[in-house]
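Asker: Below you will find the structure I want to go over with you.
The values are calculated or read from the model by the stated rules, or taken from the named source; none is laboratory data. In this text the structure is predicted, and so the values were computed from the model without any measurement. In this analysis, Cβ positions are derived from the backbone assuming ideal geometry, glycine residues included, and neighbour counts consider all displayed protein chains.
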Amino acid sequence: MTFKNKKTISMLLLMVAIITGYITWLLLRPVNIIAVHGRGEFSDILVKNFPITARGKIKWWLENTPVLQDKYKVPNPAKDGFFSVTFWSFGEGYKETDGYDRLCFDDKEPPLNCIEKDALFSVDKSPNLGTVFTVYEGGVYRLDDNRNIVEIKRK
(Lines give C-alpha, C1' and ligand atoms only; values in the text may rest on other atoms or scores of the structure.)
Protein backbone atom coordinates (compact mmCIF):
# COMPACT_ATOMS: atom_id res chain seq x y z
CA MET A 1 0.00 0.00 0.00
CA THR A 2 1.27 3.43 -0.86
CA PHE A 3 1.53 6.33 1.53
CA LYS A 4 -1.31 8.10 -0.31
CA ASN A 5 -3.67 5.12 0.16
CA LYS A 6 -2.77 4.82 3.85
CA LYS A 7 -3.43 8.52 4.34
CA THR A 8 -6.81 8.27 2.55
CA ILE A 9 -7.86 5.24 4.61
CA SER A 10 -6.76 6.96 7.82
CA MET A 11 -8.80 10.07 6.97
CA LEU A 12 -11.87 7.96 6.16
CA LEU A 13 -11.55 6.06 9.45
CA LEU A 14 -11.18 9.33 11.34
CA MET A 15 -14.32 10.73 9.67
CA VAL A 16 -16.29 7.56 10.47
CA ALA A 17 -15.14 7.77 14.11
CA ILE A 18 -16.15 11.43 14.39
CA ILE A 19 -19.58 10.81 12.83
CA THR A 20 -20.16 7.76 15.04
CA GLY A 21 -19.17 9.77 18.11
CA TYR A 22 -21.52 12.62 17.18
CA ILE A 23 -24.47 10.28 16.57
CA THR A 24 -23.79 8.49 19.87
CA TRP A 25 -23.69 11.85 21.67
CA LEU A 26 -27.01 12.89 20.05
CA LEU A 27 -28.69 9.65 21.10
CA LEU A 28 -27.39 9.60 24.67
CA ARG A 29 -27.71 13.22 25.79
CA PRO A 30 -30.30 13.74 28.52
CA VAL A 31 -33.65 15.37 27.82
CA ASN A 32 -33.90 18.83 29.39
CA ILE A 33 -37.42 19.83 30.46
CA ILE A 34 -37.53 23.62 30.41
CA ALA A 35 -41.14 24.20 31.48
CA VAL A 36 -44.55 22.57 31.77
CA HIS A 37 -47.74 24.47 30.98
CA GLY A 38 -51.15 22.96 31.64
CA ARG A 39 -54.78 23.62 30.82
CA GLY A 40 -56.80 20.92 32.53
CA GLU A 41 -56.17 17.61 30.80
CA PHE A 42 -53.99 19.32 28.14
CA SER A 43 -50.28 19.69 28.93
CA ASP A 44 -47.48 21.34 26.98
CA ILE A 45 -43.91 20.38 27.85
CA LEU A 46 -41.08 22.51 26.50
CA VAL A 47 -37.92 20.49 25.95
CA LYS A 48 -34.38 20.56 24.66
CA ASN A 49 -32.44 17.48 23.56
CA PHE A 50 -35.53 15.34 22.96
CA PRO A 51 -34.84 11.93 21.36
CA ILE A 52 -34.59 12.02 17.59
CA THR A 53 -36.24 8.76 16.56
CA ALA A 54 -39.86 7.68 16.96
CA ARG A 55 -38.74 4.67 18.96
CA GLY A 56 -36.58 6.90 21.20
CA LYS A 57 -39.44 9.31 21.87
CA ILE A 58 -41.93 6.58 22.76
CA LYS A 59 -39.38 4.75 24.90
CA TRP A 60 -38.53 7.98 26.71
CA TRP A 61 -42.23 8.60 27.45
CA LEU A 62 -42.80 5.07 28.74
CA GLU A 63 -39.73 5.23 30.98
CA ASN A 64 -40.29 8.77 32.27
CA THR A 65 -44.06 8.90 32.81
CA PRO A 66 -43.69 8.21 36.57
CA VAL A 67 -41.18 11.07 36.92
CA LEU A 68 -43.42 13.43 34.91
CA GLN A 69 -46.37 12.47 37.11
CA ASP A 70 -44.48 12.92 40.38
CA LYS A 71 -42.63 16.11 39.52
CA TYR A 72 -45.03 17.91 37.15
CA LYS A 73 -48.42 16.18 37.67
CA VAL A 74 -48.44 15.26 33.96
CA PRO A 75 -50.47 13.69 32.55
CA ASN A 76 -53.51 15.20 34.24
CA PRO A 77 -56.40 13.03 33.00
CA ALA A 78 -60.00 14.21 32.85
CA LYS A 79 -62.65 12.20 34.70
CA ASP A 80 -63.15 9.93 31.67
CA GLY A 81 -59.39 9.22 31.47
CA PHE A 82 -58.68 11.49 28.48
CA PHE A 83 -55.43 13.47 28.40
CA SER A 84 -53.18 15.09 25.83
CA VAL A 85 -49.49 15.87 26.34
CA THR A 86 -47.51 17.67 23.64
CA PHE A 87 -43.75 18.07 23.67
CA TRP A 88 -42.50 21.23 21.98
CA SER A 89 -38.97 22.22 21.04
CA PHE A 90 -37.93 25.14 23.23
CA GLY A 91 -35.76 26.30 20.35
CA GLU A 92 -34.62 29.87 20.87
CA GLY A 93 -36.70 30.27 24.03
CA TYR A 94 -39.71 32.36 24.92
CA LYS A 95 -40.66 35.13 22.54
CA GLU A 96 -43.27 37.86 22.25
CA THR A 97 -46.48 37.05 20.44
CA ASP A 98 -46.48 37.65 16.72
CA GLY A 99 -50.27 37.82 16.83
CA TYR A 100 -50.55 34.88 14.49
CA ASP A 101 -48.52 31.72 14.58
CA ARG A 102 -46.77 31.40 17.94
CA LEU A 103 -48.05 29.26 20.79
CA CYS A 104 -48.64 31.48 23.81
CA PHE A 105 -49.20 30.38 27.39
CA ASP A 106 -51.75 32.09 29.64
CA ASP A 107 -49.95 30.93 32.79
CA LYS A 108 -46.80 32.92 31.92
CA GLU A 109 -46.63 36.70 32.07
CA PRO A 110 -46.30 38.52 28.73
CA PRO A 111 -44.48 39.76 26.79
CA LEU A 112 -42.16 36.71 26.68
CA ASN A 113 -44.79 33.98 26.98
CA CYS A 114 -44.82 32.40 23.50
CA ILE A 115 -42.78 29.86 21.56
CA GLU A 116 -42.47 28.90 17.93
CA LYS A 117 -44.84 26.04 17.08
CA ASP A 118 -42.39 23.18 16.68
CA ALA A 119 -44.18 20.11 18.02
CA LEU A 120 -41.95 17.07 18.43
CA PHE A 121 -44.19 14.43 19.97
CA SER A 122 -47.58 14.03 21.55
CA VAL A 123 -49.30 11.42 23.67
CA ASP A 124 -53.08 11.25 23.76
CA LYS A 125 -55.20 8.84 25.72
CA SER A 126 -58.92 8.38 25.31
CA PRO A 127 -61.40 5.75 26.47
CA ASN A 128 -62.08 4.73 22.85
CA LEU A 129 -58.60 4.70 21.28
CA GLY A 130 -56.36 4.06 24.26
CA THR A 131 -52.87 5.56 24.13
CA VAL A 132 -51.82 7.11 20.82
CA PHE A 133 -48.35 8.51 20.12
CA THR A 134 -47.89 11.09 17.37
CA VAL A 135 -44.33 11.56 16.24
CA TYR A 136 -44.37 14.69 14.13
CA GLU A 137 -42.66 13.86 10.84
CA GLY A 138 -42.44 10.24 11.95
CA GLY A 139 -45.80 8.50 12.14
CA VAL A 140 -48.61 7.62 14.51
CA TYR A 141 -48.44 4.68 16.89
CA ARG A 142 -50.78 3.02 19.36
CA LEU A 143 -50.18 1.06 22.54
CA ASP A 144 -52.19 -2.15 22.22
CA ASP A 145 -53.75 -4.19 25.04
CA ASN A 146 -50.50 -6.16 25.49
CA ARG A 147 -48.45 -2.92 25.72
CA ASN A 148 -46.98 -3.49 22.28
CA ILE A 149 -46.37 -0.43 20.12
CA VAL A 150 -48.22 -0.73 16.81
CA GLU A 151 -47.87 1.72 13.93
CA ILE A 152 -51.15 3.11 12.64
CA LYS A 153 -50.99 3.06 8.86
CA ARG A 154 -52.13 6.24 7.18
CA LYS A 155 -54.31 6.09 4.12
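Asker: Restricting the search to region 90-106, which residues are among the charged types (D, E, K, R) and surrounded by 11 or more Cβ atoms within 10 Å (Cβ to Cβ)?
Answerer: First, pick out the residues of region 90-106 that are among the charged types (D, E, K, R): 92, 95-96, 98, 101-102, 106.
Result: K95, E96, R102.
Condition check ((1) modelled with pLDDT under 95; (2) in the same structural domain as N64 (by TED's automatic domain parsing); (3) more than 17 Å from H37 (Cα to Cα)) across all residues:
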residue	(1), (2), (3)
V85	no, yes, no
W88	no, yes, no
T97	yes, yes, no
Y100	yes, yes, yes
C104	no, yes, no
L112	no, yes, no
T131	no, yes, yes
Y141	no, yes, yes
R147	yes, yes, yes
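Asker: Could you please give the count of residues in region 108-140 that are surrounded by fewer than 15 Cβ atoms within 10 Å (Cβ to Cβ), in contact (Cβ under 8 Å) with a residue 40 or more places away in the chain and outside any strand (DSSP E or B)?
Answerer: So the count comes out to 2.
Asker: Inspect all residues belonging to region 35-52 and state whether any of them is among the charged types (D, E, K, R), within 26 Å of I152 (Cα to Cα), at pLDDT 95 or above and over 18 Å from the mean Cα position of the chain (by Cα). It would help to see each step written out before you state the result.
Answerer: Taking region 35-52 and keeping what is among the charged types (D, E, K, R), we get 39, 41, 44, 48.
Within this subset, residues satisfying the condition of being within 26 Å of I152 (Cα to Cα) are 41, 44.
Subset that is at pLDDT 95 or above: 41, 44.
When the remaining residues are screened for being over 18 Å from the mean Cα position of the chain (by Cα), the result is 41.
Yes - at least one qualifying residue is present in region 35-52.
Asker: Quick one: is L12 exposed (fewer than 11 other Cβ atoms within 10 Å of the Cβ) and modelled with pLDDT under 95? Give the derivation first.
Answerer: Details: exposed (fewer than 11 other Cβ atoms within 10 Å of the Cβ): yes; modelled with pLDDT under 95: yes.
The answer is yes for L12.
Asker: Restricting to region 56-107, what's the tally of residues that are hydroxyl-bearing (S, T, Y) and not in a strand (DSSP E or B)? Walk me through how you get there before you give the answer.
Answerer: Within region 56-107, the first condition is being hydroxyl-bearing (S, T, Y), and the residues that meet it are 65, 72, 84, 86, 89, 94, 97, 100.
With not in a strand (DSSP E or B) added as a condition, the list becomes 65, 72, 94, 97, 100.
So the count comes out to 5.
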